[in-house]
1. What are the residues in the range 212-234 that are within 15 Å of M293 (Cβ to Cβ) and over 22 Å from the mean Cα position of the chain (by Cα), if any?
2. List pairs: first in the range 310-323 and assigned by TED's automatic domain parsing to the domain that holds N208, second of a type outside the set (A, V, I, L, M) and more than 8 Å from the ligand (Cβ to nearest atom), Cβ under 8 Å, 6+ apart or cross-chain?
3. Pairs please, first residue from the range 452-463 and modelled with pLDDT of 85 or more, second anywhere and part of a loop (DSSP other than H, G, I, E, B), Cβ atoms under 8 Å, 6+ apart in sequence or on different chains.
4. Given the conditions (1) modelled with pLDDT of 95 or more; (2) under 15 Å from M116 (Cβ atoms), which single one is not true for I226?
5. Answer with yes or no whether A189 is within 27 Å of T32 (Cβ to Cβ), buried (at least 17 other Cβ atoms within 10 Å of the Cβ) and modelled with pLDDT of 95 or more.
6. If a residue has to be exposed (fewer than 15 other Cβ atoms within 10 Å of the Cβ), in contact with a helix residue (DSSP H, G or I) (Cβ under 7 Å, 6 or more places away or on another chain) and assigned to a loop (DSSP other than H, G, I, E, B) to count, how many in the range 1-30 make the cut?
7. At pLDDT 90 or above, under 16 Å from A27 (Cβ atoms), among the aliphatic types (A, V, I, L, M) and part of a helix (DSSP H, G or I), is that true of V117?
Amino acid sequence: MSETGVQSAAIHERAHEAMQDAHLQGAYRSSTLRLYNHRLTAIGEVPGFEPLRQRGRELKREVMDHLDEYLAQFADNVERQGGKVHWARTGEEACTVVLELVRKAGAQEVVKGKSMVGEEIELNHALEAANIRAVESDLGELIVQLSGERPAHIVAPAMHKTRHDVSDLFRDKLHSEPTEDPERLTAIARGALREMFAKAGVGMSGANFAVAETGSIVTIENEGNIRFCSTAPRVHIALVGIEKIIPRLSDLGVFLRLLGRSGTGQKLTSYTSILTGPRRAGEDGPDEMHVVMIDNGRIATLADEKMREMLYCIRCGACLNACPVYRKIGGHAYGWVYSGPIGALVTPQLAGLGPARELPFASSLCGACREVCPVKINIPDMLLYLRGQVQERFPSARPANSPVSERRGMRLWAWTMKRPWAFALGGAMARWGSGFLSRSDAEGGRRWITKFPFFPFSNWTDGRDFPAPDPAPFRERWKRMSE
Ligand code: SF4
């Protein structure tokens, strides 16, 4: 069973460990680059991808501006279709609701489709504590469950494992023959799950979208297991974060096109299921359908104007694949279920800024996340906002890797930036000093400082050259241009 609670304080130790692990580095590098490149190819094939992103963003804004109305409409329509809606303010409340439903169904075994919100509320721990056996049916989720780990990526939970790792894991836990053939590995997992599918009285899933207009939940996947979990057992329980609402069924096309291409570079994932109520006479499907709507910090985020955009996220994982920090330190370093740039926002919002205060600093603020986000979430701006919040609320708790010299340097920089005369004087001194330290490059154009003789700048030139300041400061050139 994986660890519980937020472990973000250990991000520096975990990041260092990850960066020393050549095996892990190889796994993350190849998987993130593969997904990143697939996305680039896929969006290049769609004329008008930018307007599509804009449309997705506008729809999300519309939902957040009227979330109360859309939630009420969704709940009415679920009940009209014969389903039952349950509301949970916290993760514990959601787990309690689920446990009651499972007990009422008389089930000892539950099969689960991939659900990040299920990981967020630590449902597997709650089920295990109640002696209910829960088995993950998604291959990636099954791998992390058998390893006792958390997902390493929103879309690909076992991204950190190579085929060799999975073969070893299945040999240990499922007593299978070693193989690195992906099809064989999938067949081994299927064999182990088949029996569970037949026995489980309750199937659980998350939801990628919840359609207010029809009361449907929408799940997308590549393996077909979620479809099985939501239709084969007698009772289906769907866990849905309240931000998953979309207004109309006709809006679904926008999000499906954005999500598949941004996440895995697919035009559409292999299975898209639209589930509207339990089965009717003459149909296949569950006798009961329960939808657990989970707040767990989302309403507080909605009320925070600086952060509400975080709720636009459709969990495609593109920002993780693009992030130079995630690619190096991997998902587990972030210490909770959500990782990467979006995890650095979601964890402080949902689990509290205190235990997650290091995360907003785990970013180079390069903007790659914003560039790839299908709903254009301004992640860097929100990370900066959260950094400000950390400084205000925890003034003595600096990020552990911020040395005194850096903090003093930043204070001096802030002081200088507020005083034009000091900024001009500093610039003049830097230009004068760089005249002695810099050399022209091979083409004789730009000048570079290859070695700073003093700390802390010498740290920079240990690894790369530093561009010498231009002899004519920008302010002078701007003045000339404006004349
Ligand atoms: S923040 Fe944007 S890119 Fe990142 S997972 Fe969410 S939707 Fe995808």
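The values are calculated or read from the model by the stated rules, or taken from the named source; none is laboratory data. Here the structure is a predicted model, which is why all the values come from computation and not from measurement. We place every Cβ from the backbone using ideal geometry, glycine too, and count neighbours over all the protein chains shown.
1. A212, G215, S216
2. Every condition considered, no pair remains.
3. As it stands, the answer is S458/K451; S458/F452; T461/T450; T461/K451; T461/F452, since those pairs meet every condition given.
4. (1)
5. Values: within 27 Å of T32 (Cβ to Cβ): yes; buried (at least 17 other Cβ atoms within 10 Å of the Cβ): yes; modelled with pLDDT of 95 or more: no.
So A189 fails the test.
6. 2
7. Values: at pLDDT 90 or above: yes; under 16 Å from A27 (Cβ atoms): no; among the aliphatic types (A, V, I, L, M): yes; part of a helix (DSSP H, G or I): yes.
For V117, the condition - at pLDDT 90 or above, under 16 Å from A27 (Cβ atoms), among the aliphatic types (A, V, I, L, M) and part of a helix (DSSP H, G or I) - is not met.
Results for (1) assigned to a helix (DSSP H, G or I); (2) in the same structural domain as L123 (by TED's automatic domain parsing); (3) within 20 Å of L146 (Cα to Cα); (4) not polar (S, T, N, Q), shown as yes or no for each residue.
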| site | (1), (2), (3), (4) |
| --- | --- |
| E180 | no, yes, yes, yes |
| R190 | yes, yes, yes, yes |
| E195 | yes, yes, yes, yes |
| M204 | no, yes, yes, yes |
| E223 | no, yes, yes, yes |
| I226 | yes, yes, yes, yes |
| H236 | no, yes, no, yes |
